[in-house]
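Each remark here refers to the structure printed beneath this line.
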There are 2 protein chains.
Amino acid sequence: MSRQCSIGLLATDHVTLRDAENWGYDFITAPITRPSFENTLTEMGSEEYKIWKDCPLFDSKDINPTLTACARKVVAFYPNWLELDSSVNDIRIRSELAFKQQVEYITHCGVRGGIFPKLCQQVENTARCLNSVLTPHSPQICVRVRLGEKAYHWKRWNKLRTMTEYNPRLGVALEITPHLPKDTLHLWLSEPVRILILSLDLFINNKHGYPVMTKDHQQFVKTMMHVLSPDIILAGTLPERAADCCQYIKFLNRKLPELTKFEESAWGFHDVLQVPLQPLAHHLENQFYETFEKDPIKYEQYEKAIFQALVDRIEDLSDEITTIGVVGAGRGPLVNCCLRASERSQRKIHVYAIEKNPHAYVTLQNMKATVWGDNVSLVFSDMRTWKPDIKYDILVSELLGSFGDNELSPECLDGAQRFLKESGISIPSSYTTSIAPLSSNRIYTNIMARKEPMRFETPYVVMFHQTCLLDSPQDLWTFHHPNKKDIPFGLDPINNLHNTQYQKTQFSIRHDCLMHGIAGYFDCTLYNDVTISIHPDTHSPGMFSWFPIFFPLQNPIHLTPESIVTVCFWRLTDQKKVWYEWSVSVNDKDKETHVSMVHNAKGKSYSMSFVV
Amino acid sequence: MSRQCSIGLLATDHVTLRDAENWGYDFITAPITRPSFENTLTEMGSEEYKIWKDCPLFDSKDINPTLTACARKVVAFYPNWLELDSSVNDIRIRSELAFKQQVEYITHCGVRGGIFPKLCQQVENTARCLNSVLTPHSPQICVRVRLGEKAYHWKRWNKLRTMTEYNPRLGVALEITPHLPKDTLHLWLSEPVRILILSLDLFINNKHGYPVMTKDHQQFVKTMMHVLSPDIILAGTLPERAADCCQYIKFLNRKLPELTKFEESAWGFHDVLQVPLQPLAHHLENQFYETFEKDPIKYEQYEKAIFQALVDRIEDLSDEITTIGVVGAGRGPLVNCCLRASERSQRKIHVYAIEKNPHAYVTLQNMKATVWGDNVSLVFSDMRTWKPDIKYDILVSELLGSFGDNELSPECLDGAQRFLKESGISIPSSYTTSIAPLSSNRIYTNIMARKEPMRFETPYVVMFHQTCLLDSPQDLWTFHHPNKKDIPFGLDPINNLHNTQYQKTQFSIRHDCLMHGIAGYFDCTLYNDVTISIHPDTHSPGMFSWFPIFFPLQNPIHLTPESIVTVCFWRLTDQKKVWYEWSVSVNDKDKETHVSMVHNAKGKSYSMSFVV
């Protein structure tokens, strides 16, 4: 769970690694070659040049000796004079060979990493060269990008990344500028920023004469530390201030806000792809029950909802018994909620716990025998097929997935509501699914690394971290329970068509950015004003049972400040399964500039089976 | 080699298939349902509607009986009232169910095909529905698209096609309009137009009172017949004119220009993907020699070039013997060219035929023994490693591929020029590679049908047919021989870097269209003004040895009338192989709207080995 950062010093010739370490630094940066190397190349005779082209060999005088002396503590700088996109053939070819020669040399040395000094307006051949030298054995390359007012820095980086097919060994060395472009800062949180370069001019003296940064800079650096844990390089620092600056950065790093319980529990899951659970088709394993039962918020809310429902139904001091069906009781947490709510409200209840998982049912039997006693009856059955003798006053269930209905809560409750009284209450009473366009270099590369041919047509449950929402979420659709409109009272539905959905939503984009897919959330009304939510605007604080869901796009889309993104989303069904399909189109000033295919057509890559 | 077309009649209720057949037609079109079906649906009570939703069943009175009576001679029309993209849920869902019901019914009947009547402004749900009902067993669906002045008809079709991932069972029924939008007509040649709809108002009476079309319409219909062989449907024809109109279309079809020899030989190869030959790495098989030697033009041009070179070198009546090295002699066609040129020019020659393929060498031995005699010496060797005693006056080779240098002619001739005299001549003396952006639904779907994961990063040799060039070709680079600039005289090159190339070219687009990849060509100067070429502007008439080459794009790009397409093309090399990489970016009014990855990076999918 470490967010500790390594700090490096952009060293001049007069500063050694030992000096830097004495001042508290973890590493230094150093140029790979001396300026003499450029002269050596340009002054070569044509014969020498031909020989060098055939077998590039350094003269030791042209090489920085620091590289071999303390390689693991050095980040190497490629020279500024490389012109990989020169329109002059000779310069371009010489630059390419010299670049490759240096990559191979620092690979031999085993340095920590390399920084490519700049991106020019033309990046095509640079992209090809960087991609071609990066192997699993070569030090990763971070491209120096200036955080600037203008989007063209980001655009060049984006072009480079796209042309190299998201080479995972290519990152960004982001150079912080004195002026922070506030409205686009958050976009960098979804990029592979592996190094932050902070120069002297970012520091001001505080009243004690120590170097500090402005509040805005502090905040941005701390956010980057929290989300991306980059190495930090101090540049242009005077030797007499080097130690103080380093101390200050360490101080900022120590002062990161403490992790919440939720953040702690989620730390190992950042941007990790999880295949959504399908508890209807596959029995949950014990560990999942174990984990989910620990949620400090969810069952509090359920208890509140049941409490209010009981109080609303039954007069004070009445002896009437409220019958509650807990459908999908699992190992019993909702039964406990019912019993606690009954006690607190002093309303009498009888609970019927219905569960189809034979293994969880063992735990239910133990609970009844040792804790619950006569107030609880157990039913071993699928809620969609069970034929009870009586009807219940309240139906309680927890069948939601990250996208609301994606664990087939609507289909299950369609069956279960047969044994709800006509005036009965369902807890939850409704849930709404919402989506937003998302950018995340990391999630996209994680999907690329999977081998399944249809990996981009499957949703993933993901704890978002190195991500950026490109607009506020919009609601897609809502399911209400009980559903008296579509289903004959007390009967099974004829078919599942009433649970299909189709919605088109639009998003407005304000910046140049890359859309990698669609983030999905739900919010749910349990009863009246008692809710649970993972919608970013209303997320139940501390509730950790659900991470959001992510629907990828096969081809990321470059959006601009004028883009209107239209997302079409379908929830579809046949006799056996339910699935989602999604498609995105983009308009720029009334011109349609992009259309995606319909992802997961006919559920070919991902579907949820509801066959009993 | 049939370009014969089937002609159908859009029948009214009063016209039977027998009538149509009597008038000369091959099939009729017919609506699937009667108008009563729409009423049946809208007037259903909610209970009936629920039952119909569960199990859609036709009442026989709502169905057109023609469908079962003569299914294979019927193209079925889906009704106009289907609103698959209605914003009203009920209408949309009812339309979808009714559509599916009809698809299943005509699949049962086994009709020839179906026509979907129109695309509305919104096509998202239409796209999803069409895609979801098309199975390998259902009749293909052609979407009726009006050929209009405005690009929006094409754009809707393009959106539909993109969203359905180029479903091969989805095509276009193109309805010809009285006014022909001349500057965009050619774009339809790269689309899957499987039906042409011609209505009565396209016909005028000639002086004999027979229906004919204008010259422009005749031309367009004939071009479509030649390239796409669509079915043709005559609509709105009065019964008394039906026979004459049909005769007229048959007349046009018979009057297609005769196929050239080249077209005849290429007929089976239209838009078929062939993996480029690699004669350096793999010995050609006998059948390839056999086919290529039949080219009526290529060897004529070689003979002309050798003739002129001999005449330029040697005075009339001189006894001087010109030594000619034929490198890569194969089965000897170029040796024959030399001998014919010698005879015609009355210049004495001695030919050294060098060949590395042991099997072709057997034929060479036979030729020497039975035909050539003492004027020809045979050498069994790779031209790049052979150490001859003498140097030649002329070096003749035929090492070009569709892309010029893609069969490693530069690398081979680098080695062979060691035994060319310093004043010697190479035939060919130079060749230039050129490219153009190309649209072709058919080639793209052919590539999609391949299983290799990197099928979009490999070039294919293709006889273009259902294609459209989106701008004129531009030259990329030229190789000259002998190459005295880069290679020490009489020696081997130090390495192959001098044969690398990098070029950026730009194309201007004038219409909305879809770019699927890059067409590649070469043109070659054999000697002075004697050339061979497959460049569209200068194609040697009748020469059939080379089809063009095609470099695909993984993601087709939607271009607009303002698009500037920039193609980056590289020819790259290491110690063992040569390969191409390519990338495309698009600017619309100075805004970069698209960047592709670099295709075939590091030669990962396709390369040409030159290891001796």
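The values are calculated or read from the model by the stated rules, or taken from the named source; none is laboratory data. Treat the numbers as computed from the prediction; the structure is a model and nothing was measured. Backbone-built Cβ (ideal geometry, glycine too); neighbour counts: all protein chains shown.
Candidates in region B:593-606 are the residues that are hydroxyl-bearing (Ser, Thr, Tyr) and out of contact with any Leu (no Cβ under 9 Å at 6 or more places or on another chain); of these, the one that is nearest to residue B:400 (Cα to Cα) is B:606.
Residue A:463 - would you say it is away from chain B (no Cβ under 14 Å) and in contact (Cβ under 8 Å) with a residue 40 or more places away in the chain? Judged against the criteria, residue A:463 is a match. Of the residues making up region B:140-162, those that are farther than 22 Å from residue B:10 by Cα and within 23 Å of the chain's Cα centre (by Cα) are B:154, B:155, B:157, B:158, B:159, B:160, B:161, B:162. Cβ-Cβ below 7 Å, separation at least six or inter-chain, first residue in region B:156-179 and in the same structural domain as residue B:513 (by the TED database), second of a type in the set (A, V, I, L, M): which pairs? Within 7 Å, no pair qualifies. When region B:483-508 is filtered for residues that are within 30 Å of residue B:190 (Cα to Cα) and within 14 Å of chain A (Cβ to nearest Cβ), the ones remaining, listed by number, are B:502, B:503, B:504, B:505, B:506.
Counting only strands (runs of 3 or more DSSP E) that sit wholly inside region B:332-410, those with at least 2 residues that are among the hydroxyl-bearing types (Ser, Thr, Tyr) and surrounded by 21 or more Cβ atoms within 10 Å (Cβ to Cβ) are B:392-397.
Within region A:470-479, does at least one residue satisfy the condition of being closer than 28 Å to residue B:129 by Cβ and without any contact (Cβ under 8 Å) to a residue 24 or more places away in the chain? No, every residue in region A:470-479 fails to be closer than 28 Å to residue B:129 by Cβ and without any contact (Cβ under 8 Å) to a residue 24 or more places away in the chain. The residue of region B:26-50 that is farthest from residue B:73 (Cα to Cα), among those that are of a type in the set (Asp, Glu) and within 14 Å of chain A (Cβ to nearest Cβ), is B:47.
Go through region B:227-241 and give me each residue that's in contact with a helix residue (DSSP H, G or I) (Cβ under 9 Å, 6 or more places away or on another chain) and surrounded by fewer than 20 Cβ atoms within 10 Å (Cβ to Cβ). Hits for region B:227-241 are B:227, B:235, B:236, B:238, B:239, B:241. Can you run down the residue pairs with Cβ atoms below 8 Å, 6 or more apart or on separate chains, where the first is in region A:267-284 and on the phi > 0 side of the Ramachandran plot and the partner is assigned to a strand (DSSP E or B)? What qualifies is A:271/A:463. Within region B:287-296, identify whether any single residue is within 30 Å of residue B:610 (Cβ to Cβ) and among the hydroxyl-bearing types (Ser, Thr, Tyr), and answer yes or no. For region B:287-296, residues within 30 Å of residue B:610 (Cβ to Cβ) and among the hydroxyl-bearing types (Ser, Thr, Tyr): present. Applying the criterion of being within 7 Å of chain B (Cβ to nearest Cβ) and among the hydroxyl-bearing types (Ser, Thr, Tyr) to the residues of region A:580-596, the residue that is nearest to residue A:557 (Cα to Cα) is A:593. Count of region B:539-556 residues, restricted to those that are touching a strand residue (DSSP E or B) at 6+ places or on another chain (Cβ under 7 Å) and more than 10 Å from every other protein chain (Cβ to nearest Cβ), is 11. Kindly indicate whether residue A:317 is farther than 19 Å from residue A:390 by Cβ and either among the charged types (D, E, K, R) or under 33 Å from the mean Cα position of the chain (by Cα) (or both). No. Based on this model, can you work out whether residue A:284 counts as in a loop (DSSP other than H, G, I, E, B) and of a type in the set (A, V, I, L, M)? Considered against the rule, which asks whether it is in a loop (DSSP other than H, G, I, E, B) and of a type in the set (A, V, I, L, M), residue A:284 comes out as yes.
Screening the candidates A:53, A:73 for the property of being within 14 Å of chain B (Cβ to nearest Cβ) and more than 23 Å from residue B:597 (Cβ to Cβ) yields one hit, A:53. Of the residues B:242, B:235, B:151, B:173, the single one that is touching a His at 6+ places or on another chain (Cβ under 8 Å) and of a type in the set (Gly, Ala, Ser) is B:151. Could you check, for region B:37-60, whether at least one of its residues is within 27 Å of residue B:195 (Cα to Cα) and in contact with a strand residue (DSSP E or B) (Cβ under 9 Å, 6 or more places away or on another chain)? Yes, region B:37-60 contains a residue that is within 27 Å of residue B:195 (Cα to Cα) and in contact with a strand residue (DSSP E or B) (Cβ under 9 Å, 6 or more places away or on another chain). For the residues A:111, A:133, A:88, the requirement of being more than 11 Å from chain B (Cβ to nearest Cβ) and in contact with a Lys or Arg (Cβ under 9 Å, 6 or more places away or on another chain) singles out A:111. For residue B:430, the stated conditions do not hold, so it cannot be described as touching a residue at least 24 places away in the same chain (Cβ under 8 Å), touching a strand residue (DSSP E or B) at 6+ places or on another chain (Cβ under 7 Å) and crowded, with 24+ Cβ neighbours inside 10 Å.
Read through the list (1) away from chain A (no Cβ under 14 Å); (2) crowded, with 22+ Cβ neighbours inside 10 Å; (3) at pLDDT 95 or above, then give the number of the only condition that residue B:126 fails. Single failed check for residue B:126: (1).
Answer yes or no: is there a residue in region B:526-534 that is out of contact with any helix residue (DSSP H, G or I) (no Cβ under 7 Å at 6 or more places or on another chain), more than 14 Å from chain A (Cβ to nearest Cβ) and crowded, with 23+ Cβ neighbours inside 10 Å. The answer is yes, given that some residue of region B:526-534 is out of contact with any helix residue (DSSP H, G or I) (no Cβ under 7 Å at 6 or more places or on another chain), more than 14 Å from chain A (Cβ to nearest Cβ) and crowded, with 23+ Cβ neighbours inside 10 Å.
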